[in-house]
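Here the structure is laid out as structure tokens; the discussion comes afterwards.
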Amino acid sequence: MEPSPTSLPVQDSACPVPPEQRPLEEYRQLQRSWFFAWADGGAPALVRALALSWLLVLPLCVLVASGSYTLRHDPARLLLAGATAALLLPLLLLARQGLGWSYVSRRLRSERVDYEESGWYDGQVWEKPVAWRQQDLLVARLQVEPVLMLLRRGAALTALLLLAGAGLCQAL
């Protein structure tokens, strides 16, 4: 059973990094986000969210594809072209998820924390104490890495479906 975001230890020590910019807090924020929680909820939650996004955009893609004279008179190819084009949204959503989770993973794995003390982009760097590094590394390996693997597999499968659909459209 995975620990809940509130069960992770709190990193309170003499740290100049604002709390919202600490890697562990950024991880917690990602977990609480409705969008990024898709992948953190496991494969069923991610598949459900991506399938819903695909279904929502499918009618629009079929409508756009029906603008083609050739496809308008071939319903099978029209539906296949629309279904294939609709895979672009889930692929983009997976890419955005991957970028967010990769960013947090890099911050957790890093020995240093880049942060801003004010809104003027003053770019400070603080070296994590050993205990923080160990804790952040554990969270990165045990919590974030499985999410990244799920996103990679999902993106690969979606890209494969997109290529197979495009190939099938050409073959018909």
task: Determine which single condition Ser102 fails, assuming it passes every other condition in (1) under 25 Å from Arg28 (Cβ atoms); (2) small (Gly, Ala, Ser); (3) surrounded by 20 or more Cβ atoms within 10 Å (Cβ to Cβ).
output: (3)
field: From the options Glu117, Glu111, Glu127, residue that is touching a strand residue (DSSP E or B) at 6+ places or on another chain (Cβ under 7 Å), over 20 Å from Arg32 (Cβ atoms) and either touching a residue at least 24 places away in the same chain (Cβ under 8 Å) or buried (at least 17 other Cβ atoms within 10 Å of the Cβ) (or both)
entry: Glu117
message: Contact list please: Cβ distance under 7 Å, first residue in region 61-84 and farther than 19 Å from Leu161 by Cβ, second residue loosely packed, with under 13 Cβ neighbours inside 10 Å, pairs at least six apart or on different chains.
response: Ser66/Arg72
field: Where Ala51 falls short, out of the listed (1) at pLDDT 90 or above; (2) surrounded by 15 or more Cβ atoms within 10 Å (Cβ to Cβ)
entry: (2)
- request: Name every residue in region 29-48 that is within 18 Å of Arg106 (Cα to Cα), out of contact with any Phe, Trp or Tyr (no Cβ under 6 Å at 6 or more places or on another chain) and either buried (at least 17 other Cβ atoms within 10 Å of the Cβ) or at pLDDT below 90 (or both), in order of residue number.
  value: Gln31, Phe36, Ala39, Asp40
- request: Looking at (1) touching a Lys or Arg at 6+ places or on another chain (Cβ under 7 Å); (2) small (Gly, Ala, Ser); (3) farther than 29 Å from Gly154 by Cα, find the lone condition where Ala131 falls short.
  value: (1)
- prompt: Looking at Ala49, Ala140, Ala86, Ala43, which is the one that is within 26 Å of Leu157 (Cα to Cα) and touching a Lys or Arg at 6+ places or on another chain (Cβ under 7 Å)?
  reply: Ala140
message: Quick check on region 124-162: of everything there that is in a helix (DSSP H, G or I) and acidic (Asp, Glu), which residue is nearest to Cys15 (Cα to Cα)?
response: Asp136
task: Determine, yes or no, whether Ala76 is under 17 Å from the mean Cα position of the chain (by Cα) and either surrounded by fewer than 17 Cβ atoms within 10 Å (Cβ to Cβ) or among the polar types (S, T, N, Q) (or both).
output: no
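The values are calculated or read from the model by the stated rules, or taken from the named source; none is laboratory data. In this text, all values refer to a predicted model and were calculated from it rather than measured experimentally. We place every Cβ from the backbone using ideal geometry, glycine too, and count neighbours over all the protein chains shown.
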